[in-house]
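Everything on this sheet refers to the single structure shown next.
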Amino acid sequence: AIELLQQLLATLSLRRLKTEVLHLPPKVEEYVGLPLPEPWQEDYHNRYHDFAAKFGVDRGGGSWDSSEFFQELTMLRLYCDHPGLIDGRQYNIPKKETTWRDSPKILHLMTDLKRHLYSEQGGEVPKAVVFSQWTSFLQM
């Protein structure tokens, strides 16, 4: 399934770093709330509340390790992109074979790209630029 997605994306996109892309249209940011699929929804919810209790305003007094804070925050962000990006053994992620279809972000991206590109180009298949903070996400 991953190979099929990579083949599909190869026809739609060209992978480049931001520094390699010279002329870009103005940046457009849009907030899109997407739910995580089961079984990760409940697991993420628990991890989020543990993080908030450990590092949030309700944590009480005491100091905390900033490197641990950023490691846990990064784990939560990766989890939202795709649970398969996280080393499940290190974080006790529920056991399940993951595919690109398990990522609401990838599904939304594919749907949005198809809709936008086809409507703008009258059915022709142009290239698209997709940026991600994690290259492992782009390899999904």
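Residues that are under 14 Å from the mean Cα position of the chain (by Cα) and modelled with pLDDT under 75 within the range 97-121 comprise 98, 99, 100, 101, 102, listed in sequence order. Out of all the residues in the range 86-96, is one or more modelled with pLDDT of 80 or more and not small (Gly, Ala, Ser)? Checked the range 86-96: no residue is modelled with pLDDT of 80 or more and not small (Gly, Ala, Ser).
Tallying residues that are surrounded by 12 or more Cβ atoms within 10 Å (Cβ to Cβ) and under 13 Å from residue 83 (Cβ atoms) within the range 35-57 yields 7.
For the range 58-85, which positions are surrounded by fewer than 17 Cβ atoms within 10 Å (Cβ to Cβ), at pLDDT below 80 and small (Gly, Ala, Ser)? Within the range 58-85, 60, 61, 62, 63 meet the criteria. What are the residues in the range 1-56 that are small (Gly, Ala, Ser) and modelled with pLDDT of 75 or more, if any? Hits for the range 1-56 are 33, 52, 53, 56.
The values are calculated or read from the model by the stated rules, or taken from the named source; none is laboratory data. Predicted model only: the values in this text are computed from it and were never measured. Heads up, the Cβs are rebuilt from the backbone with ideal geometry, glycines too, and the neighbour counts pull from every protein chain shown.
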